[in-house]
Amino acid sequence: MSEIYDIGYRHYDGPRLGRGYSTRSLAVHSLRGVFGLGRPARSKIIPFALFTIMLLPAVVNIAMMAMLQQRGIPYSGFAVAMQPVVAIFLASQAPTVVAPDLRFRVLPLYLSRPVSITEYVAAKVAAMTVALFLLVAVPLTLIYVGELVVDMPGPPATGEYAGALVMAVVLALLLSVIGLALASFTPRRGLGVASVIVVYLLSSAAVPMVYGILAESGNEEGAAWAWLLNPFWLVDSVQSWLFGTPSHALEGTYPSGPAPAAILVVLLGLGLAALALRYRKAASR
């Protein structure tokens, strides 16, 4: 014989803040997770240590401007020069954004609420993009403030600084899409870290080799396309096309015209499509 007990469950009668609020909350929660906020102290060591390393060239630049009246790393080339640190940050933190939900299989719980797969992926990409943008933009802004305070000869490089910030957004978005797509294929954080760092190392090591082979064979035009195999140089080539900044490739120049921008857009589309397909499959389990 069954009985019904009144144990105090009630319907929710508070304000319903909608899907936009849910998506923003998920993005903020993921962003806090990237920097280990609200988590044990050991979760904060890697992101804040890498953030500190990114600030060191900014301090050196300001010291050079104050003591030698010379600029160090240009704004437009800062991300390229610091790409190993940015890549390590991406490899170490991208899995923290996607791996826990896959490992503990809580994705159906998220999707049982008014949050679609598209909104879930958008929140994760937004969180990683903001984190990477801050990693690059904060040192750039520190250098710019230092330039204004030191009062270097001639006008400040405001245009180059603004262009570098715009391209920092583009670079952060591209790296986030690629990094999250790679990390989302495994629920294990260690494998996610390895997959991202291996892809970066392969792209970085292959570019000079391909460039050297093509350049030695006399195919200078084809060699220029080799730099586009690395996302940092790809974004730098788009920056050169948009703002007329010099090439920061190790040698030679980039292909002229809008082709690098088209490649960048295609990569973004492929990465977002891979993320959507991956999470559609994970949600169906």
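The values are calculated or read from the model by the stated rules, or taken from the named source; none is laboratory data. Keep in mind the model is a prediction, meaning the values are calculated, not measured. As a convention, Cβ positions derive from the backbone with ideal geometry for all residues, glycine included, and neighbour counts pool all protein chains shown. Quick note on the areas: whole protein, heavy atoms, side chains included, nothing else; ligands and nucleic acids left out. Shrake-Rupley method; radii C 1.70, N 1.55, O 1.52, S 1.80 Å.
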Members of segment 93-110 that are touching a residue at least 24 places away in the same chain (Cβ under 8 Å) and either in contact with a Ser or Thr (Cβ under 8 Å, 6 or more places away or on another chain) or surrounded by 19 or more Cβ atoms within 10 Å (Cβ to Cβ) (or both): GLN93, ALA94, PRO95, THR96, VAL97, VAL98, ALA99, LEU102
Does ARG113 meet the test of being surrounded by fewer than 17 Cβ atoms within 10 Å (Cβ to Cβ), in contact with a Ser or Thr (Cβ under 9 Å, 6 or more places away or on another chain) and modelled with pLDDT under 90? yes
Breaking point among (1) open to solvent by 40 Å² or more (accessible area, probe 1.4 Å); (2) of a type in the set (Gly, Ala, Ser); (3) under 18 Å from HIS248 (Cα atoms), for ALA194: (3)
State which residue is least open to solvent (accessible area, probe 1.4 Å) when the search covers only segment 22-59 and only residues that are within 29 Å of ILE143 (Cβ to Cβ) and among the charged types (D, E, K, R). LYS44
For segment 246-261, pairs from a residue that is more than 18 Å from SER203 (Cβ to Cβ) to a residue that is of a type outside the set (A, V, I, L, M, F, W, C) and open to solvent by less than 90 Å² (accessible area, probe 1.4 Å), with Cβ under 6 Å and 6 or more apart or across chains, are THR253/SER247
Within segment 132-149, tally of residues that are free of Cβ contacts under 8 Å to residues at least 40 places away in the same chain and not hydrophobic (A, V, I, L, M, F, W, C): 1
Counting only residues that are under 20 Å from PRO156 (Cβ atoms), without any contact (Cβ under 8 Å) to a residue 12 or more places away in the chain and in a loop (DSSP other than H, G, I, E, B), how many does segment 35-82 have? 1
